[in-house]
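**Student:** Below are the structure tokens for one structure; questions will follow.
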Amino acid sequence: MWRPGLDPTLVREQFYLLAHDETRQMRPHLHLPALSAGLAGATVMDLLIAQRVTVESGSLRPDWYQRASTGDPITDDVLALIMETAPGPALPALIRAASAGLYERTTAALVHKGVIVEGPPRRWRKGRDYAIAHEGIAVRARARVGYRMEGRDGPSPEADSLCTLVSALGLHAVLVRGTRSEVEPLLQRVVRDLPENAAGHPVGEAPAVAAAVLKVIQDMATSAMM
């Protein structure tokens, strides 16, 4: 059961919250294939933050000497995917591969943690509705990104990574801080400064991961039109 102070800390889980409308049964703001790609990119960012992978010339390079669990089963599985290909997979290929089933697994994990709660079965259609366990969880997730882009908070690996995803996937409106044209320059300042603020830490490549997520989504859209 969720308790105050136990908000999600993984980029993947915070991105999930940002990408849903907690006032409408956690309805996604994105089409599920795009959302799944975003979750895959967010998981790669979690691995960058944990220094389990780096990005080199558009490909992921795992730290082959670290074999311990990351502490999260989903993140572990994405890391295992990365380690299947030596020296490491290209970012878009990994994002496509990791996307499969990731939305459902992240939803189940957040239900298990008590962050979101499952509603009753629907009478006339498949699936279930969900609700946020406490509205403050979603409010704080938005504020974390909003405060960072406004300069009220200093650099943070998690918040800076989320800024890259919000910008790349067009989730500006969820921050409730102005129009896209007003919010985007603030996000881009964070994105531009991220490599310098990272000071050599692997998370400095988070903008490259967000760009790869966007490319995968654009490729999916192109394929759907052909």
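**Student:** How many of the residues in the range 20-68 are part of a loop (DSSP other than H, G, I, E, B), open to solvent by 20 Å² or more (accessible area, probe 1.4 Å) and within 20 Å of V166 (Cβ to Cβ)? Steps first, please.
**Tutor:** We begin by selecting, within the range 20-68, every residue part of a loop (DSSP other than H, G, I, E, B); these are 22-26, 29-31, 50-52, 57-58, 63-68.
Restricting the remaining residues to those that are open to solvent by 20 Å² or more (accessible area, probe 1.4 Å) gives 22-25, 29-31, 50-51, 57-58, 63-68.
Those still in the list that are within 20 Å of V166 (Cβ to Cβ) too: 22-24, 29-31.
Number of matching residues: 6.
**Student:** Related question: Would it be correct to say that V117 is surrounded by fewer than 21 Cβ atoms within 10 Å (Cβ to Cβ) and in contact with a strand residue (DSSP E or B) (Cβ under 9 Å, 6 or more places away or on another chain)? Let's see the steps before the verdict.
**Tutor:** Details: surrounded by fewer than 21 Cβ atoms within 10 Å (Cβ to Cβ): yes; in contact with a strand residue (DSSP E or B) (Cβ under 9 Å, 6 or more places away or on another chain): yes.
In short, yes.
**Student:** Condition first: touching a residue at least 12 places away in the same chain (Cβ under 8 Å), open to solvent by 40 Å² or more (accessible area, probe 1.4 Å), in a loop (DSSP other than H, G, I, E, B) and closer than 29 Å to M220 by Cβ. Now tell me which residues in the range 154-201 satisfy that.
**Tutor:** Scanning the range 154-201 gives V176, R177.
**Student:** Considering only residues that are at pLDDT 95 or above, over 20 Å from I217 (Cα atoms) and among the hydroxyl-bearing types (S, T, Y), which ones fall in the range 53-92?
**Tutor:** Residues satisfying the conditions are T54, S69, T70, T75.
Residue by residue, here is whether (1) among the β-branched types (V, I, T); (2) modelled with pLDDT of 95 or more; (3) surrounded by 12 or more Cβ atoms within 10 Å (Cβ to Cβ) holds:
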site: L94; (1), (2), (3): no, yes, yes
site: Y103; (1), (2), (3): no, yes, yes
site: T106; (1), (2), (3): yes, yes, yes
site: G127; (1), (2), (3): no, no, no
site: A133; (1), (2), (3): no, no, yes
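The values are calculated or read from the model by the stated rules, or taken from the named source; none is laboratory data. Because the structure is predicted, anything quoted here is derived from the model rather than measured. Glycine gets a Cβ as well: all are built from the backbone with ideal geometry, and neighbour counts include every protein chain shown. Ligands, DNA and RNA are excluded from the accessible area calculation, which covers all protein heavy atoms including side chains. Shrake-Rupley method; radii C 1.70, N 1.55, O 1.52, S 1.80 Å.
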